[in-house]
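Undergrad: Encoded as structure tokens, here's the structure I'll be asking about.
Nothing in this text is a laboratory measurement; each read-out follows from the coordinates by a stated rule. Quantities reported herein were computed from a predicted structural model and do not represent experimental measurements. As a convention, Cβ positions derive from the backbone with ideal geometry for all residues, glycine included, and neighbour counts pool all protein chains shown.
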Amino acid sequence: MTRTFGVVMAVCVVGTMGLTACGGSRTDRALADRPADQVLDAAVKEFEVAHSVHYDFEGIPKAGAGTSRNTMTIDSQRNCRGTFTTGSGTSEILKFGEQVWLKADRKKWTALGGSQAADQLAGRYIHGTTSSPQFAEDMSDRCDFERLQDNVRSAGAGGKLTKGAPTVIGGKKTVPVVNRDGRVTVYVAAEGKPYPVRIVHEGENAGTMTLTDWDRPVSTATPPPSETLEADKLAGLAGQPSQHNDPSVHS
């Protein structure tokens, strides 16, 4: 059955003592007292109106592929800055509008293009645009805020939702919403705005994403020219550091 995502608000009651206030009053049921689907709906709705978020992700995208660690600040305008680490090295991405900067370490460049590429490019930013040949294909969903939101939207698919025991994460009280068939748990803030605080996937694309710093703008500081190479001036670029295997936006 198709579920409608949106906050299910408590009913405001006009009683003999006057109008009961809506939104934050003690007469509203606490989030922890609501059914699991309503808790998840509240998290989805809050994510949908958010402007930006920071996330830290750790996971094993495929059996035997090794652990990946990604951290990114991203906004609804597809601006982002993040770092991605896999067994083949570490790369960094900055994207503001159509402008893109990418940097990879020596290990990553060696894996992509050999020692010559590493000597030339390691530790330096490559600057281009989302339409630059080096970046165009991989930038299609790299800073996609909606795909990040889908991690929460899709959590209710393919199984019955239940609530787990209240859990404190980063000092915040949360209500876990568990989809055992879908093998995913979303931890929703129980106080204040019901943001999703953590998303845990099990199975082939196992991983843990922790979300913080809601609605803090993405820093638009750009690398200095002395540390930057223009992509269109690089002949025979050996590899694309943007191919850093970020399963968190695909799960």
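Undergrad: Considering the zone a paramagnetic label at Lys193 would reach in this model (a point 7 Å from Cα along the Cα-to-Cβ line), which residues of segment 148-167 have amide N under 19 Å from it?
TA: 148-153
Undergrad: Which trypsin sites (Lys or Arg not before Pro) in segment 163-241 sit in a loop by DSSP (not H, G, I, E or B) and have at most 13 other Cβ atoms within 10 Å of their own Cβ?
TA: Details: sites: Lys163, Lys172, Lys173, Arg180, Arg183, Arg198, Lys233; in loops: Arg180, Arg183.
The qualifying sites are Arg180.
Undergrad: Fewest first, what order do Val168, Val53 take by the number of other Cβ atoms within 10 Å?
TA: So the ranking, lowest neighbour count to highest, is Val168, Val53.
Undergrad: Also, quick follow-up: Modelling each spin label as a point 7 Å along the Cα-to-Cβ direction, I'd like the Leu234/Gln99 distance in nm, to one decimal.
TA: In this crude label model, Leu234 to Gln99 measures out at 1.8 nm.
Undergrad: Next question, about the same structure. Express in nm, to one decimal, how much length is gained between Asn205 and Glu48 on full extension, taking 0.36 nm for each residue of separation and deducting their alpha carbon distance.
TA: 54.1 nm
Undergrad: Calculate the radius of gyration of the Cα atoms of segment 79-206 to one decimal place, then report Dmax, the largest Cα-Cα distance, as a whole number, both in Å.
TA: Expressed in Å, the Cα Rg and Dmax of segment 79-206 come to 19.1, 54.
Undergrad: For each of Leu112, Leu234, count neighbouring Cβ atoms within 10 Å of the residue's Cβ, then give the residues from fewest to most. Let's see the in-between values first.
TA: Values: Leu112 20, Leu234 15.
Ordered by Cβ neighbours within 10 Å, fewest first: Leu234, Leu112.
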